[in-house]
1. So what is the relative contact order of the chain, in percent, for Cα pairs below 8 Å that sit 6 or more residues apart?
2. State in Å² the accessible area per residue of the chain; use a 1.4 Å probe, count heavy atoms of protein chains only, and round to the nearest integer.
3. To two decimal places, what compactness ratio does the chain give when its Cα radius of gyration is scaled by 2.2 N^0.38 Å?
4. In degrees between 0 and 90, to the nearest 10, how far off the longest principal axis of the chain does helix 13-23 point, with axes built from Cα atoms?
5. In nm, give the distance between the simple-model label positions of residue 57 and residue 33, each being 7 Å from the Cα along the Cα-to-Cβ direction.
6. Which is farthest toward the positive dipole end of the chain among 46, 20, 5, measuring Cα position about the Cα centre, with Cβ charges +1 (Lys, Arg) and -1 (Asp, Glu)?
7. With the full set of protein chains in place, find how many percent of the accessible area of the chain is carbon and sulfur; take the probe as 1.4 Å.
8. Loop sites only, by DSSP: take the chymotrypsin sites (Phe, Trp or Tyr not before Pro) in the chain that have at most 16 other C-beta atoms within 10 Å and name the longest stretch containing none of them.
Amino acid sequence: MIATLGLQDNVDLDEVVQWVIDNCVSFVEYRVVEIDWSVDMDDRDPWFKLEVTFRDEGDATLFLLRWR
């Protein structure tokens with residue numbers, strides 16, 4: 001299962017990844033992807049998203065509840 005988080009200016013990627021490693025035993029990998037905007041982008045919209053892969057849906061839910 002892949003959980004996605006938009007990376008805003010106030011998100012510390014190192015902190016998020018370390019939290020996932022420390023708290024989600026089914027964590028597999030993560031990647032940062034540039035968002036390809038096909039419509040007009042607003043100044044508040046993120047340029048990148050974090051995709052985190054888990055083996056367990058419960059860990060993905062925990063991650064999304066913590067970081068959204």
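The values are calculated or read from the model by the stated rules, or taken from the named source; none is laboratory data. These numbers come from a predicted model, not from an experiment. When we count neighbours, we look across all protein chains shown, and the Cβ atoms used for this are built from the backbone with ideal geometry, even at glycine. Keep in mind that these areas ignore ligands, DNA and RNA; they rest on the heavy atoms of the full protein, side chains included. Shrake-Rupley method; radii C 1.70, N 1.55, O 1.52, S 1.80 Å.
1. 52 percent
2. I get 73 Å² per residue for this part.
3. Ratio of Cα Rg to 2.2 N^0.38 Å: 1.14.
4. Once rounded, one gets 20 degrees.
5. 2.0 nm
6. Of the listed residues, the answer is 20.
7. 47 percent
8. Excluding the exposed sites themselves, the longest stretch runs over 1-36.
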